[in-house]
1. Would you mind calculating the relative contact order of segment B:1-113 from Cα pairs under 8 angstrom and at least 6 residues apart, reporting the percent as a whole number?
2. Averaged across the residues of B:25-35, what count of C-beta atoms belonging to other chains lies within 10 Å of each residue's C-beta?
3. What is the sum of charges around residue B:39, taking Lys and Arg as +1, Asp and Glu as -1, for the other residues whose C-beta is under 12 Å from the C-beta of residue B:39?
4. Where in chain B are the DSSP H helices whose alpha-carbon span along the long axis reaches 27 Å or more and whose Kyte-Doolittle mean is at least 0.5?
5. Given a Förster distance of 22 angstrom, what is the FRET efficiency for residue A:174 paired with residue A:273, based on the Cβ-Cβ distance and rounded to 0.05?
6. Report, in debye and to the nearest 20, how large the dipole of segment A:127-278 comes out about its Cα centre when Lys and Arg carry +1 and Asp and Glu carry -1 on their Cβ.
7. If you place +1 on the Cβ of every Lys and Arg, -1 on the Cβ of every Asp and Glu, and leave all else neutral, what size is the dipole of segment B:52-168 about its Cα centre, to the nearest 20 Debye?
8. Using θ = phi - 60° and the Karplus curve 6.51 cos²θ - 1.76 cosθ + 1.60, what whole-Hz ³J(HN,Hα) does each residue of segment A:18-32 get, with Gly and Pro shown as x?
Amino acid sequence: MIDGTQSHRFFNRGPSPAARLVFFSVLSLLLLFVDARYRYLESTRSALSVLVSPIQRLATLPGALWQQAGDFFITQSTQRGLIKRNEELTLQHQSDAAQLLQLQALQSENQQLRDLVGLPIRNEFSSQIVEVIYAERDVFKRRVLVNKGANADVRIGQVVMDDIGIVGQITRVYPWLSEVTLITEKEHAVPVEVVRNGLRTIVFGMGDTSQLSLRYMPTSADIQNDDVLVTSGIDGTYPQGIPVARVIKIERDPAYPFAKTTCLPLAGVDKNRHLLILSSLPKLPERPDEKTVAANAESRVKARKK
Amino acid sequence: MRTKPEIQLPVSNVFIVLSVLAALFLNGLPWEGVALMLRPDFVALVMLYWCTHKPVRVGVGLSWMVGMIADVADASLFGQHALAYTLLAFGGVVLHRRLQMFDLRQQTIQVFGIFAMTYAVYALINWQVNGLVAWPYFLGCLTSTLLWTPLSILFQTMRQKKVDRNPT
């Protein structure tokens, strides 16, 4: 640059460098403050980045090219092996995952079976383990179908239980299947007694919920919340002393003669997959027929009259 | 080493813009680790070169604008590079006569001062905003200074080539 031109243009150059310095410094500081504190300038930044991005993209190009070249050679040599390995691992993973799922199911099943095996030792009756294979699809029927029927000498009226307590009763026997009516079925009755005081009563299924109710309990009856009900063994259908239900709610309304008592079954009535059918219960002597009793009484009376 | 002013023709604006773009490109290369610490600020170098050699055309205002672009490219705060480059340009414009009288070795010492000031301002802003000072950052100041001589020689040869080519 020749001095003459510079000095000649000196006055046309506008503000001096110092003035420019001050101006642009203040502008920069202002922008700094606004950007650091308020983040108002993001739109400006994105607009300017349109200008810058081609340069930036260009700048990342050499590195990307280098990497791609490296990848190319690596891939060429090992691609086939990698694909094969990947397929093997995928297959392996799938079978492993399935096995893992099975393992969890087996663990819980095993635990339940162990409990079931331990049960008959406590109570002196023989039993056979069955597996639930169908559940009744009708929501108002509390029934399941199990995988043993007449072929395994299952009979109507046998008691079905799980590792905790009574689940239901066999109500129908097919050659290879049998139908279990659960104790929560509507009108299904189980003779029970309260463990605490031996109070005898009958527990009925509610049908619509998985709850049980005690009917015909006088409001004055000695029954409390958390009382455990076990089978009383009366009537001979159920063996004695197997847990059935626990009282959860008692409503004593003086307007009604009976207390409304709600219980929950103790056994996993609609949970378990394996159940136990009790068989060879000790037979009770036949209940005397009402007519013969009446006839006997009558003949006795007649004999006395004579 | 010092080149005669009359040999060099006024450079075209295209050349200046291209050099700045090239500097932005070099700054944008994927530097990592030690290389990033030692990375010279090519944009500052180029701007300082033009401020000392063409103070009429490239001055404080243009440096500020380049600084804004550098801010966007580096995703730093708006005004951080701009302020640093403004000071750099001011230093360059004020000292351009003295620098033109020195040879390259002496120029390098002068330039180091300007770079140090620029880097200090940048680091100061970083310290104020983020609350930490990265001392290795100042290594870039040294490398930038060391590149002053090669850059000057490179640009002079490029300009001379233009001189040679233009008459033919």
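1. Over segment B:1-113, the number comes to 25 percent.
2. Working: counts 7, 2, 3, 7, 7, 7, 2, 1, 0, 0, 0.
Taking the mean over all residues of the peptide, I get 3.
3. -3
4. Helices passing the filter in chain B: B:80-101, B:104-130.
5. Working from the Cβ atoms, E equals 0.70.
6. Using Cβ point charges on Lys, Arg, Asp and Glu, segment A:127-278 gives about 140 debye.
7. 560 debye
8. Rounded to whole hertz, the list is 5, 5, 4, 4, 4, 4, 6, 5, 4, 4, 4, 5, 4, 4, 4.
Any read-out appearing in this document is the output of simple, stated calculations on the displayed coordinates, not a laboratory observation. Not measured: the values here are computed from a predicted model. Neighbour counts are summed over all protein chains in view; Cβ atoms, including those assigned to glycine, are modelled from backbone coordinates with ideal geometry.
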